[in-house]
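The values are calculated or read from the model by the stated rules, or taken from the named source; none is laboratory data. Remember, it's a predicted structure, so these values are computed and weren't measured experimentally. Cβ sites come from the backbone with ideal geometry, for glycine too, and all protein chains shown count toward neighbours.
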Amino acid sequence: MFTRLALRMAATVLVTFVIFAPLSSLVLWSFTRRWSWPHPFPQELALFYWRKVLEGDLFRALQSGFLIAVIVTAATLVLTVPLAYLLARYPVPFKAVILLVFLLPHAFPQLPVFVNTTTLLYRVNLAASFSGVVLIHMVGALVYAVWTMTAVFRSIPESLEEAAWNLGASRLKTFLTVALPLATPGLVASTLLVFLYSLDEFTGTLLVGSPFVLTLPVYMYRTSVGYELQVASIAALVLMLPGLVLLVVLERHLKSEYLSMFGRL
Amino acid sequence: MEVRVEGLVKRYGRVTALDGVSLGFASGGLTAILGPSGCGKTTLLRSLAGFVAVDGGRILFGPEEVTALPPQARGTAMVFQHYALWPHMTVFDNVAYGLRLRKLPDADVRRRVERVLDLVEIGRITGVMQRRPAELSGGQQQRVALARALVVEPRVLLLDEPLSNLDAKVRQRLRAEVRRLQKAVGITAIYVTHDQEEALAIADTVVLMNAGRVVQSGSPQEIYSRPESAFTAEFLGVSNQLAGIAEAGGVRIGAQRLPYAGAVRGRATLIFRATDASLATDEEEAAPGHTLLRGVLEERLFLGSVYRHYVRVEGETIMVDGTEPVEGGPVTVRVPVAKLQVYAA
C-alpha cells in the first residue's frame with residue numbers, strides 16, 4: 001500500500017522533472033540578461049529580451065506562420081474531405097496504395113526529400129515564396145487529414161446514409177446533412193493536426209522558404225544559431241502556446257474509436 | 001401499390017445472391033421473405049430499395065419500371081435492422097427529414113410528424129420529440145424508425161429484420177404493432193426475416209428463399225402445413241428427418257417398413273414435426289391413419305409447455321413432444337400419415 005503510493009509519487013516526480021526541467025530552463029533563459037559559467041543561476045534577470053523580441057521580428061514570424069497554417073489547413077481540408085469520403089465509401093481501386101502514397105513523404109529522411117523538392121520548386125519559380133512554403137507544408141500535412149478523415153467516414157454506419165438516400169435525399173444532400181455533421185468531431189481533430197503540423201514545420205520551411213519566408217520555427221533556429229539563446233527561448237515559449245491550446249481541444253474531440261480505425265485502413 | 005420482380009439476378013464475384021427471382025407482392029399486403037442467412041433475402045430487399053444494382057431482370061412498382069432508378073427516386077421507405085436513426089438529430093428532426101426534403105411548410109411538417117408519432121404509439125410525444133435517439137430504448141427507437149418511414153407515405157415499405165435487435169418480449173409486442181400499423185395504413189410491405197415464427201405470425205404471404213432462389217411461397221398456413229420440399233419442412237419448425245428408401249407401397253427405414261402411397265422412389269427423406277408425433281409404451285395396432293415407428297426413448301426434457309422426448313430410431317435420434325412424460329425404454333412413435341412428408345433425397 002505505502003510502497004505503491006511511494007512508487008507513484010516517485011514516478012510523478014520523475015515525469016514532472018523530465019517534462020518541466022527543460023521548460024523551466026527555457027523560461028529562465030528568456031528572462032536572463034547575463035548568465036555565464038560557472039554560475040548555477042543567471043547573474044542578471046531582466047525583461048530586456050522579451051521587449052526586444054516582441055518589438056522585432058518575432059511578431060512578423062508569428063503572423064506569417066499563422067497565415068501559412070490557416071491557408072494550408074483550409075486547402076488541405078478542401079482537398080481531403082471529398083477524397084477521404086470516396087476512399088471510405090466507394091470501391092476505389094488500389095485504395096491501400098493511394099493511402100500509402102500520402103505517407104511517403106514521411107517514410108524517407110526529410111532532408112533529402114525537401115532538398116530535392118526545393119531544387120524542383122526553383123525550376124518552377126516557387127522557391128523562396130509564400131506559395132512554395134504552403135505547398136511543401138501540404139505535402140507533409142495531407143497524410144494526417146486523409147488518414148483521419150477516411151477513418152472517420154468509415155466509422156459512420158453506411159445505413160445512416162442509406163436511410164437519408166432512401167427518403168429522397170440526393171447523394172450531395174445526404175453527404176451534407178448526414179455524413180458531414182457526424183464527421184465533425186473528426187474534422188475538428190484533423191483540422192487541428194494539420195494546423196499544428198504547419199505551424200511547427202521546420203525543415204521544409206527553411207529550405208523552401210529561405211530567405212524570404214519567416215515562420216516561428218525558422219526564426220527560432222536563426223536566433224539560436226546566432227547564440228542568442230534568450231531570443232530562441234522566447235520564440236520556443238511563444239511557439240508552444242498555440243500547440244498547447246489546440247492539443248487540449250484536440251484531446252476532447254479525437255475519439256478513441258477513430259484512432260482504432262487506423263488499424264483497419 | 002403492387003410490386004413485381006421478374007427474373008432478378010445479382011452476382012457478387014462468383015457468388016450468385018439472386019438467381020432468377022420472380023415474385024409478385026400484393027398491393028396492401030404484408031409479404032415476409034424468409035430464409036437462412038446468405039439466401040439472398042436481404043439482397044432482394046436492397047435491390048427493391050435501389051441500393052443494389054441488379055445484373056438482370058426487372059422491378060416494377062405498379063405499371064412503372066423502376067429497375068434503373070436511384071434510391072431517392074423510387075419512393076420506397078426502409079426500416080433498418082439497426083434502426084439507422086441519425087444520432088445528431090432529435091427525434092422530431094429524424095421524422096421530419098423526409099418531409100423537409102419535400103419542401104413542406106413548417107406547420108404541415110409539425111402536424112404530420114405529431115400524427116405519425118401518435119400512430120406508432122411512441123408515448124408522450126412532446127417529451128420524446130426533443131430527445132436524441134440514443135436516449136430512447138431499442139423498442140422506442142424502432143418505433144421512431146417506423147414513423148420516419150411511414151411519414152413520407154411511401155409507395156412500398158421495406159423492413160430489413162427490423163426486430164432482430166430487440167429482446168424477445170419487446171419483439172413480440174412490436175411484431176403485433178407492425179402488423180396493426182401496416183393494416184391501418186394499408187401500405188404494401190415487404191418484411192425480411194430469418195425467424196420462421198415471426199414470418200408466419202405477421203405475413204399475408206410468406207416467401208421462402210434459399211441459395212438465391214424462391215423455394216416456396218404461399219399463405220403462412222399453406223407453407224406450414226404443406227411444405228413442398230425437405231428444405232421448407234426443415235426450415236419451418238422443429239422437424240425430424242429420417243433417411244429411407246421409398247418403394248411402391250412403402251418406405252424402408254433400416255429394418256422397419258412404413259406404408260406409403262406416394263410417388264417418390266429410391267433414396268428419400270422422411271420428415272415430420274415433433275409436435276405431430278406422439279408416444280406409446282406398448283406395441284399397439286396402428287390406429288387408422290397412423291404410422292408406427294419402433295424406437296428406444298433415451299432422454300426426456302421438460303420445456304414448460306411440453307415434455308420433449310429423444311427417441312433413437314434405426315440409429316438416428318428424433319424428437320417427440322407430448323404433454324405427458326413417458327418413461328425410458330422401448331417405445332412406439334405414432335405419426336399421422338397426413339403429417340408424414342416424404343421427399344426424394
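Of the residues making up the stretch A:169-178, none is crowded, with 21+ Cβ neighbours inside 10 Å and under 21 Å from A:Val249 (Cα atoms). Taken across the stretch B:30-50, residues that are surrounded by 14 or more Cβ atoms within 10 Å (Cβ to Cβ) and touching a Pro at 6+ places or on another chain (Cβ under 7 Å) do occur, with at least one present.
Can you find a residue that is among the hydrophobic types (A, V, I, L, M, F, W, C), under 30 Å from B:Val66 (Cβ atoms) and within 14 Å of chain B (Cβ to nearest Cβ) anywhere in the stretch A:137-159?
yes
Could we say that A:Ala61 is closer than 17 Å to A:Ala235 by Cα and touching a strand residue (DSSP E or B) at 6+ places or on another chain (Cβ under 7 Å) here?
Against the criterion (closer than 17 Å to A:Ala235 by Cα and touching a strand residue (DSSP E or B) at 6+ places or on another chain (Cβ under 7 Å)), A:Ala61 does not qualify.
Restricting to the stretch B:246-265, and then to whatever is assigned to a strand (DSSP E or B) and in contact with a Gly (Cβ under 7 Å, 6 or more places away or on another chain), can you tell me which residue is surrounded by the fewest Cβ atoms within 10 Å (Cβ to Cβ)?
The initial filter retains those residues of the stretch B:246-265 that are assigned to a strand (DSSP E or B), namely B:246-247, B:250-253, B:256-259.
Within this subset, residues satisfying the condition of being in contact with a Gly (Cβ under 7 Å, 6 or more places away or on another chain) are B:246, B:251-253, B:257-259.
On the way: B:Ala246: 23, B:Val251: 21, B:Arg252: 15, B:Ile253: 19, B:Arg257: 14, B:Leu258: 20, B:Pro259: 12.
Per the stated criteria, the residue is B:Pro259.
Scanning the stretch B:101-141 for residues that are within 14 Å of another protein chain (Cβ to nearest Cβ) and either surrounded by 13 or more Cβ atoms within 10 Å (Cβ to Cβ) or among the charged types (D, E, K, R) (or both) yields a total of 11. The set of residues from the stretch B:174-202 being of a type in the set (A, V, I, L, M, F, W, C), at pLDDT below 95 and within 12 Å of the chain's Cα centre (by Cα) comprises B:Ala199, B:Leu200, B:Ala201, B:Ile202.
Note on the stretch B:1-108: enclosed strands (runs of 3 or more DSSP E) holding 3 or more residues that are among the small types (Gly, Ala, Ser) are B:15-25.
For the stretch B:217-245, the set of residues classified as of a type outside the set (Phe, Trp, Tyr) and part of a helix (DSSP H, G or I) consists of B:Pro220, B:Gln221, B:Glu222, B:Ile223, B:Ser225, B:Ala230, B:Thr232, B:Ala233, B:Glu234, listed by residue number. Checking each residue in the stretch B:52-61 for being surrounded by 19 or more Cβ atoms within 10 Å (Cβ to Cβ) and either in contact with an Asp or Glu (Cβ under 9 Å, 6 or more places away or on another chain) or away from chain A (no Cβ under 14 Å) (or both) picks out B:Val54, B:Ile59, B:Phe61. Pairs linking a residue in the stretch B:62-75 that is more than 14 Å from chain A (Cβ to nearest Cβ) and at positive phi to a residue that is hydroxyl-bearing (Ser, Thr, Tyr) and surrounded by 13 or more Cβ atoms within 10 Å (Cβ to Cβ), with Cβ atoms under 9 Å and 6 or more positions apart or on different chains, are B:Gly62/B:Ser27. Of the residues that sit in the stretch A:58-76 and are in contact with a Pro (Cβ under 9 Å, 6 or more places away or on another chain) and crowded, with 22+ Cβ neighbours inside 10 Å, which one is modelled with the lowest pLDDT? Across the stretch A:58-76, the extreme among qualifying residues is A:Ala61.
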